[in-house]
Amino acid sequence: MRRRFTGGELFQLRNRIPVDWLIKEQLHIPSKVIEGIFRFLCPLCNEFQTATNPKTNLARCFLCEKNFNPIDLVMTVKGLGFVDSVKYLQTLVPNRPDPLTDQRLELNQLLGDIGKRMSIG
């Protein structure tokens, strides 16, 4: 069975759409900055015991102990399935190239090809 989305496409959606921007500007989840930390209202428990990590591009609720990537957030907040959530996020991906993400994608591809290129003989 053919996959609907490639691993690269999903990687791009999880990493090129800043999770804090998605929460505040697109999903309009109530949010605020407390002691210099971006907090948002958890869509599961409705508490502000949350934070986002720009390095991993994940959002976390410390009360629920749930991590959210951009796809998870869209599924939870909008009540969409995986496919529709991915299609929604595809409309938000910047059309400009992101050199850092492009380098990561190339590196992942090269690492995946190492075993294929080496011949044992």
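Some observations on this one:
- Translational diffusion coefficient (Stokes-Einstein; Kirkwood radius from C-alpha pairs) of the range 41-99 at 37 °C, 0.692 mPa s, in µm²/s: 262 µm²/s
- Karplus (6.51, -1.76, 1.60) ³J(HN,Hα), θ = phi - 60°, over the range 27-40, in Hz, Gly and Pro reported as x: 8, 6, 6, x, 8, 7, 9, 10, 6, x, 10, 5, 10, 9
- Exposure proxy ranking, count of Cβ atoms within 10 Å, fewest first, for Val86, Val33, Val93: Val33, Val93, Val86
- Net charge of the neighbourhood of Val19, taken over other residues with C-beta under 12 Å away and scored Lys/Arg +1, Asp/Glu -1, is +2.
- Close amide H partners of Leu58, meaning residues 5 or more places away or on another chain with modelled amide H under 5 Å apart, are Asn53.
- Within straight-line cross-link reach of Lys24, lysines at Cα separation under 28 Å, skipping those fewer than 8 residues along the same chain: Lys32, Lys55, Lys66, Lys78, Lys87
Every number in this text was worked out from the coordinates using simple rules, so none of it is lab data. Being a predicted model, the structure only gives us computed values, none of them experimental. A quick note on method: Cβ atoms are made from the backbone with ideal geometry, for glycine too, and the neighbour counts reach across all protein chains shown.
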